[in-house]
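So the structure is just underneath, and the comments pick up after that.
Every number in this text was worked out from the coordinates using simple rules, so none of it is lab data. Keep in mind that what you see is a predicted model, and the values were worked out from it rather than measured. All Cβ positions, even for glycine, are placed from backbone atoms using ideal geometry, and neighbour counts span all protein chains on display.
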Amino acid sequence: MRTYLRCALSVLTGLWVTIGVAVPIGYVILRVLESVHGTLGPELLDRPGVVMPLLAGFALAATVGGWAAGCVTIARRRRLTLLLSVSHVGTWLVVLWVEAGPFPAGITLGLAMAAVAGTIVGVALRAGQVDRRPGTPLAERGPGQ
């Protein structure tokens, strides 16, 4: 498969896995916050103790998404990291533009930055796994290697 097709598939995989992992993580975080605070509401978004777990949870989800993207292809990891990060940021900017997000703009931008940080970590983790394998150099590895 051509490199640009693998890269596109990898970015889509990263986005899909990030959202797929973010939903259960977010659900657990919100249930814990609800049990601690008794209720959930927009007034809780003023508290750093509420916002930070949400951002950390999304960064964790993006880490898993970045790792999954690296499983599709890791041959050009800097390009993959850049494209996946730009895709995350672009998605959150569209959410802001169409006013579809449930969070204030500052938190939405925080989610975008958490996704970038998670992507960098996830792709780097996968690249490290691939680098430790004996055999061909990283640049020559194909999909799933």
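Against the test of being closer than 30 Å to THR3 by Cα and either in a helix (DSSP H, G or I) or of a type in the set (Val, Ile, Thr) (or both), the options ALA56, ALA22 yield a single qualifying residue, ALA22. The residues in region 77-105 that are buried (at least 18 other Cβ atoms within 10 Å of the Cβ) and free of Cβ contacts under 8 Å to residues at least 24 places away in the same chain can be counted, and the count is 1. Among the residues of region 59-87, the ones that are part of a helix (DSSP H, G or I) and within 21 Å of THR3 (Cα to Cα) come to 19 in all.
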